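*Asks:* Shown below is the structure under consideration.
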Amino acid sequence: MPAFLIWFVVFLLMVTSVGLLLSREWRWSIALLAAQYFAAFWLIFLYWPITMAAAKLVTGWMAAAALGMTQINLKDVQLVESAWPQGRTFRLFSAGLVLLAILASASSVAAWLPAGSLPVVTGALILIGLGLLHLGMTANPLRVVLGLLTTLLGFETLYSIIENSILVAGFLAVITLGLALTGSYLITLASVEEPA
């Protein structure tokens, strides 16, 4: 794959991760998560065979579908965070700081990995960093699951450089689906406990 396409995929990962952080509409969040898995597929495809990378893509889309089906059955509620500060400007500024830290450290992390290329390491660190930032800014069950799935996808992308075992890929797929199903249960449970 040409280098400019790989960097375009990294840029797409950055846009989807920041979009997940800024989006308050659950439909956009699920669509951004699916796009994130599609972009990560191309980075993982550089190190894994097409069948294993496609399995990662399908697993991510299944997780997004499970979360989406759960949200469809719930009443539309505007997401209001109780944490301070809650503005989009603050979230965008925080994401910019995390991205600056990632861009500054990506080359040294890529040097640690024998087969790691700078774009793949940068994309994985973007997913991990912005996923952790997402986790630190919310208590909403859907938002927490999206942050966990983003962080896990970054780890899987980084791990694809090191290992291409089918057993590990299957185990990570089970974790992704289990996380999505657990999140669906917690979202449903939180909606039942809310006063009408």
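*Asks:* Go over the candidates A115, A64, A101, A106 one by one and state the one that is among the small types (G, A, S), farther than 24 Å from S165 by Cβ and surrounded by fewer than 17 Cβ atoms within 10 Å (Cβ to Cβ).
*Replies:* Matching residue, one of A115, A64, A101, A106: A101.
*Asks:* Further, regarding this structure: Output the residues belonging to the range 38-69 that are outside any helix (DSSP H, G or I) and within 18 Å of W7 (Cα to Cα).
*Replies:* L46, Y47
*Asks:* Might you let me know whether the range 74-91 holds any residue that is charged (D, E, K, R) and part of a helix (DSSP H, G or I)?
*Replies:* Yes - at least one qualifying residue is present in the range 74-91.
*Asks:* While we're here: Scan the range 98-157 residue by residue and report those that are within 23 Å of W28 (Cβ to Cβ), in a helix (DSSP H, G or I) and among the small types (G, A, S).
*Replies:* Scanning the range 98-157 gives G123, G129, G131, G136, G147, G154.
*Asks:* Taking the range 1-37 only, how many residues are assigned to a loop (DSSP other than H, G, I, E, B), within 17 Å of S94 (Cβ to Cβ) and in contact (Cβ under 8 Å) with a residue 24 or more places away in the chain?
*Replies:* Matching residues across the range 1-37 total 1.
*Asks:* Out of all the residues in the range 11-28, which are surrounded by fewer than 23 Cβ atoms within 10 Å (Cβ to Cβ) and not charged (D, E, K, R)?
*Replies:* Scanning the range 11-28 gives F11, L12, M14, V15, V18, G19, L22, S23, W26, W28.
*Asks:* Given the criteria aromatic (F, W, Y), at pLDDT 95 or above and either surrounded by 13 or more Cβ atoms within 10 Å (Cβ to Cβ) or in contact with a helix residue (DSSP H, G or I) (Cβ under 7 Å, 6 or more places away or on another chain) (or both), does Y47 qualify?
*Replies:* The answer is no for Y47.
*Asks:* With respect to the numbered conditions (1) without any contact (Cβ under 8 Å) to a residue 24 or more places away in the chain; (2) of a type outside the set (F, W, Y); (3) surrounded by 15 or more Cβ atoms within 10 Å (Cβ to Cβ), which one is the sole condition not fulfilled by L153?
*Replies:* The single condition L153 does not satisfy is (1).
*Asks:* Quick test of your reading of the structure: F90 fulfils all but one of (1) surrounded by fewer than 15 Cβ atoms within 10 Å (Cβ to Cβ); (2) touching a residue at least 12 places away in the same chain (Cβ under 8 Å); (3) under 17 Å from H134 (Cβ atoms). Name the failing condition by number.
*Replies:* Condition not satisfied by F90: (2).
*Asks:* Based on this model, can you work out whether I166 counts as surrounded by fewer than 19 Cβ atoms within 10 Å (Cβ to Cβ), in contact (Cβ under 8 Å) with a residue 40 or more places away in the chain, more than 16 Å from the chain's Cα centre (by Cα) and under 18 Å from G60 (Cα atoms)?
*Replies:* Yes, satisfied.
The values are calculated or read from the model by the stated rules, or taken from the named source; none is laboratory data. These numbers were taken from a predicted model, which means no experiment stands behind them. Every residue, glycine among them, receives a Cβ derived from its backbone with ideal geometry; neighbour counts consider all protein chains shown.
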